[in-house]
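Below is one structure; the comments refer to it alone.
What follows is calculated from the coordinates using simple rules that are stated; it is not laboratory data. All values derive from a computational prediction rather than experimental measurement. Note that we place each Cβ from the backbone using ideal geometry, even for glycine, and neighbour counts take in every protein chain shown.
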Amino acid sequence: MIRGKVIGDSRILKRGMVTIPVKVREKLRVKEGDFLTYIETSNGQIRIIKSEFDIDEMVKQIEQLRKKNLLSIDEKVDIRKSFENFMRNLPDKYD
């Protein structure tokens, strides 16, 4: 059972489109064009947070730099450590 206060409901439309209720948008401080990230917690719940950046775009840019061999070994290590740290901290942050 999920505990908490219900602040809105949505219906899934064609192609998975969903309207996010005003109260939810206000609490997340999101507006048109912003990105959301969906995180599955260790107990199976899904958390929605505002993305501070477009993850897909970041991955694409890193891949372009890698293909052009423009990343130093140290930069590659830093990216990997940052990602590992991010993943390690997810359960604690969103459970």
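Checking the cross-link filter: which lysines have an alpha carbon closer than 19 Å to that of Lys50, excluding same-chain neighbours under 8 positions apart?
Lys23, Lys27, Lys31, Lys93
I'm a student and want to see the number: the projected area of the Cα convex hull of the chain, averaged over all directions, in nm². List each step's numbers first, then the result.
On the way: hull surface 34.0 nm².
So the mean shadow area of the Cα hull is 8.5 nm².
How large is the dipole of the range 53-95 about the Cα centre if only Lys and Arg carry +1 and Asp and Glu carry -1, each at its Cβ, rounded to the nearest 20 debye?
Working: 9 positive and 10 negative charges, 52 e Å.
In debye, rounded to 20, the range 53-95 gives about 240.
By a straight-distance test (C-alpha under 19 Å), which lysines pair with Lys76 as possible cross-link partners, with residues fewer than eight away in the same chain excluded?
Excluding near neighbours in sequence, the set is Lys60, Lys67, Lys68.
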